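Before any comments, here is the structure.
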Amino acid sequence: MSKRRPGPCNHRLQCYNRRMFVPRWWILAAVLVLPAPAGAQEEPPRRVGLAEADLMIRAGAPGLAQRLVDESQPPSAEHPAWMHWERKRWQVLQLRRRWGEALARWRELPDGLGDAQKLELRTWRAEAALQDGDGAAARRQLRELIWMKSEAGAEDGAAVDAAVQMADWRRTVIRAYLREGKFADARAAVRRFHLEYRPDDTAWSLLAGRALLAADEAEEAVAHLAALQSAAARTMLLLGRLRSAAYTPEEVAAQAESLRGGLPAHSALRRDLWLVTAEAALAQNDFAARVEALEMALLVDAPPESLPLAAGGVAELLDAYSGLAVQDANVLYLVDGDYAPWLDAALAQRKTSPTGARAMFAHVIRRAEQQQLRRTAHTHFLFSLSAAGRAGLAFALYGEGGGDALGGAGDIPLVARYELAEVAVAAGDPKRATMLLRGLVTPPPEVAALDWNLRRAQIGVYGGDFTHAAQAVAQAVADAETLDEKQIDRVLQVIFDFQKVEEHETALNLMEKIAPRITLVQQRRELLYWTAQSESAIGRHARAAELYLRSAMMKDEGLDRWGQSARFRAAEELAAARLAGDARLVYESILRGVKEPAARAGLRRRLEKLHLPPPPAAE
């Protein structure tokens, strides 16, 4: 095994492993302070008020708020409070973006609802369909609602409310047209709505401006937006003024850069401003700037339901790559069809013009017929993305059968998969990382085999590929001639990852493989302890108790703090195994060594429970 110099971590893998290691003293403290009773059950449902659900929303826990709604909402829609809870549910589903869940819930409306309540639920259903990307389904729902409301009319006292509801539905229809890409219909609906209602609110101006820009009505869009000062309005105004030639492309690019400065990294507005910059670059015939802007736009992880302000997807980026590549090739007198010189030119300008080189690599990938040329171009294109800090683009450009993409996942060269897997992990996508690493048994350069196998295993666990992850751990242990204390700790950490995802049988098999390699007493105690934890989770309580006691008795007759913790767990397992007499003896032995009043009181309560008669058998 290769020797590695000590000191600060000089590779991402080393840093990762150091961050993931949990010191023994922390584990022991958690066990002693927060003992979880064996066989603990999930707390029973309880009923709370709407105020408690609101509090959880304000505290940033919408999932918990939804659980409270599930537990507290009356089962019958006829109950007076049912609709109040359903409105809270809709609020939570919007916060969590659970559009599919909303559609499934309201596909069939429950009995006992009044007409107004049915309209409200169907309105939510239309909005959920729209946010889920199905503009056509949303419009079908809205068309029925508008027709029903028109036929029913309204009493004099409700006429104003009815008009407001109708206006809201018609605005949502415009949004649905935009989602479907029916820009001419959206433009017609905007003009008709404006004539009938003469609205002047900000939300309307933004919607009208977006629809008119989509329909290439730049001057009309600017008229709707000119009085607004929000970042969203100013972004659309930049695009409108670019298209209407009110601003030069240079002015638009400069203002877009200024606006981007104060926006979050994954804001939809940030993406839209990059798209505005890309359009300004196109107006100048500046393909290099357009490539840069489109790459940055694609890297923004905007909410999926947010529509981009202008075209700027994978197809546009690939066209920009080709435009820049051809432009540079003309300067170099390269011949279209003979792509070996194109590849040589791209390699020559990797440092002086990385964007131009990347564009030429992409063009060769798409046009060259020779497989070797394309393979080389793939490798250097991906390394160019990585060097620019844009490796995440590979996940958009190497799609599963995407017609406009550079290729499928199988086209990614082996040498580039290592880096892309790390990018996937950093982006919180372990499943993609697992797919990229599958079959990559040989470690990357300057990474030890043990480190690499453990890294593959950790990624596999969190990606759900437990079989290959377990094989990687087993291989790490088998291939290592020797394992020092720190290396064993790292192997155990990966095994604990299997426990976290409740793959206890796998964890037990791996602990059995590492056991013969452990010589330090404390590490052997730890292994017995965590083995007992998995045995308990599987339901083998007597075996778990034995292992806990073996862990305890390996030092000072189990009287040290680790031993006390292990004996406490053993007593719990003995009780679960219906060995109450043994459990009582172990609790009493712990009690004799404990001085703190609170801990003694807790142990006495455990002992009292052991003396209680068993519950009566069910009749």
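The values are calculated or read from the model by the stated rules, or taken from the named source; none is laboratory data. Only a predicted model underlies this, so the values are computations on that prediction, with no experimental measurement involved. Note that each Cβ is placed from the backbone with ideal geometry, even for glycine, and that neighbours are counted across all protein chains shown. Just so you know, the surface numbers come from the protein's heavy atoms only, side chains and all, with ligands and any DNA or RNA stripped out. Shrake-Rupley method; radii C 1.70, N 1.55, O 1.52, S 1.80 Å.
Odds and ends about this structure:
- With every protein chain in place, the chain: carbon and sulfur % of accessible area (1.4 Å): 53 percent
- In this Cβ point-charge picture (+1 for Lys and Arg, -1 for Asp and Glu), region 454-500 has a dipole of about 200 debye about its Cα centre.
- Residue separation of D560 and L607 scaled by 0.36 nm, minus their Cα-Cα distance, works out to 14.8 nm of gained length.
- Here's the picture: a label point sits 7 Å out from the Cα of V501 along the beta-carbon direction, and within region 431-462 the residues with their amide nitrogen under 19 Å of it are 431-441, 451-462.
- Inter-site label distance for D411 and Q349 at 7 Å from Cα along Cβ, in nm: 2.2 nm
- Cα long-axis angle, helix 268-283 against the chain (0 to 90 degrees, to the nearest 10): 40 degrees
- J(HN,Hα) series, region 249-261, from Karplus relation 6.51 cos²θ - 1.76 cosθ + 1.60, nearest Hz, glycine and proline x: x, 5, 5, 5, 4, 5, 5, 5, 4, 5, 5, 5, x
- Legend: calculated FRET efficiency, D201 to D319, from the Cβ-Cβ distance at R0 = 51 Å, rounded to 0.05, equals 0.85.
- Tail beyond 48 Å, pair distance distribution of the chain (Cα, percent): 37 percent
- Surface per residue (accessible, 1.4 Å probe) for region 72-223, Å²: 52 Å²
- Sequence-distant contacts, meaning Cα pairs under 8 Å at least 6 residues apart, place the relative contact order of region 67-154 at 21 percent.
- Per-residue SASA entry for E608, accessible area with 1.4 Å probe, Å² rounded to 10: 110 Å²
- Cβ-Cβ FRET estimate between L520 and A427, R0 fixed at 56 Å, reported to 0.05: 0.90
- Of T506, L591, G49, farthest towards positive along the dipole that unit charges on Lys, Arg, Asp, Glu beta carbons give the chain: L591
- As a length-normalised measure over Cα pairs under 8 Å and 6 or more apart, the relative contact order of the chain settles at 7 percent.
- Longest segment of the chain lacking chymotrypsin sites (Phe, Trp or Tyr not before Pro) that sit in a DSSP loop with at most 13 other Cβ atoms within 10 Å: 22-332
- With bins 10 Å wide beginning at 0, the percent of Cα pairs of region 394-497 falling in each bin runs 15, 45, 29, 9, 2, 0.
- Relative contact order of region 338-471, defined on C-alpha pairs under 8 angstrom at six or more residues apart (%): 14 percent
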